[in-house]
1. Considering only the stretch 77-129, how many residues are surrounded by 13 or more Cβ atoms within 10 Å (Cβ to Cβ), outside any helix (DSSP H, G or I) and either without any contact (Cβ under 8 Å) to a residue 40 or more places away in the chain or among the hydroxyl-bearing types (Ser, Thr, Tyr) (or both)?
2. Can you work out which of the residues in the stretch 26-71 that are part of a helix (DSSP H, G or I) and small (Gly, Ala, Ser) is surrounded by the fewest Cβ atoms within 10 Å (Cβ to Cβ)?
3. Can you tell me which residues in the stretch 193-233 are charged (D, E, K, R) and either more than 14 Å from residue 2 (Cα to Cα) or part of a strand (DSSP E or B) (or both)?
4. Kindly provide the set of residues from the stretch 146-181 that are surrounded by fewer than 23 Cβ atoms within 10 Å (Cβ to Cβ) and of a type in the set (Gly, Ala, Ser), ordered by number.
5. With the requirement that a residue be within 16 Å of the ligand (Cβ to nearest atom) and either part of a helix (DSSP H, G or I) or free of Cβ contacts under 8 Å to residues at least 60 places away in the same chain (or both), what does the stretch 130-158 give you?
6. May I ask you to verify whether residue 107 is more than 16 Å from the ligand (Cβ to nearest atom), acidic (Asp, Glu) and under 24 Å from residue 219 (Cα atoms)?
7. Check the stretch 204-223 and report whether any residue there is of a type in the set (Phe, Trp, Tyr), over 24 Å from residue 107 (Cα atoms) and either at pLDDT below 95 or within 12 Å of the ligand (Cβ to nearest atom) (or both).
Amino acid sequence: MQIQLTNSTAAFDKAAATCVLESLKTKPDSVIALPTGRTPLGLYKYLVESPRIKAITREAFFFNLDDYVGVSENNPQSFAAFVKRHFLNPACVQPAKMRLLRADAPDLAAEAIAYDEAIADHHGIDLAILGLGANGHIAFNEPGAKWDKGTHITTLTSQTRQANAAYVLDGTAVPAHGITMGIKTIREARQVLLLVQGIAKRQALRVFLDGKPDPAWPVTSLCEHPNLTVVAEETLVA
Ligand code: PGA
C-alpha cells in the first residue's frame, strides 16, 4: 500500500489527480469507477481543469459506484447526475464511454446483473476511485456487507443517510436504499485509489490502517489489495 498524507486541500486534490492521470497515461483506455461525495469534488475540478483533459480521457471508460434506488439519472440529485455534472460532462466524455447505474430501473435485480455484465465486458475495473464513509463503508457497501457480492441493492444506515442529507440532497429525504457496485468487484479492480478526507473518517482510517480484515468495517476488505494508493489528510493519523 502507498499512503500519501497531505496537509492542504490543494495537496490532497493534486495527489489524487496525479494518481488518476498516471493511470490514464499508463493505460489510456482505463476502465474507471467514479465516486460521489464531497471528497472527490476537488479531484474532479483538478482533472477537468487539466490541460488536454478531453484528449486524456478520450479512450477511457467510466462506471459509477452507486446511486439511490428509485432516483433517475435525470434527477439532479442522483449520483449519476453528480458524476456527469462534476466530471464526465466537463471532461467531454462521450455517452458511449460511460455506463452509469440505472437506479430507477423497474427490475433492479436485472439491472444489477446487467451492470456486472457490462463491467465484465470491459474486462473489469482498472482503477476504482473510492471515498470512505465514517462507518467504514466503500461505495454503498455498509458495515456487514458481504465481500463476495457484485452489484446489489443495499439498505442505507441512518449514519450514511444523515451524512448525505447534509449536502447531497439539499435537505430532501434521503432514500432508504442504494444500488451499489459490490466489494467483490471493487477488490478485483487492478488498482484502487482510496480518498480519505474529513475528521469524521478518523476512526475508519485507523481501523483500516491497523490492517485486520473485519466485515464490520467494509474498507478493511481492501487491506490486502496488491495495488492500493491511499490519499488522506495528515491530521487524521496525527
Ligand atoms: P464524502 O462521502 O466524500 O461526502 O465524505 C464519502 C462516502 O461516504 O463514501
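The values are calculated or read from the model by the stated rules, or taken from the named source; none is laboratory data. Computed from a predicted model, the values in this text were never measured in an experiment. Cβ placement follows ideal geometry from the backbone for every residue including glycine, while neighbour counts extend to all protein chains displayed.
1. Total satisfying the criteria: 9.
2. Pass one, the stretch 26-71, residues part of a helix (DSSP H, G or I): 26, 41-48, 53-57.
Okay, now just the ones that are also small (Gly, Ala, Ser), so 42, 55.
Numbers: 42: 18, 55: 10.
Filtering the stretch 26-71 for residues that are part of a helix (DSSP H, G or I) and small (Gly, Ala, Ser), the one surrounded by the fewest Cβ atoms within 10 Å (Cβ to Cβ) comes out as 55.
3. Restricting attention to the stretch 193-233, the residues satisfying the condition of being charged (D, E, K, R) are 201-202, 206, 210, 212, 214, 224, 233.
Within the stretch 193-233, 201, 202, 206, 210, 212, 214, 233 qualify.
4. 150, 158, 163, 165, 166, 171, 173, 176
5. Scanning the stretch 130-158 gives 154, 155, 156, 157, 158.
6. Taking the combined requirement at face value, the residue does not satisfy it.
7. Among the residues of the stretch 204-223, not one is of a type in the set (Phe, Trp, Tyr), over 24 Å from residue 107 (Cα atoms) and either at pLDDT below 95 or within 12 Å of the ligand (Cβ to nearest atom) (or both), which makes the answer no.
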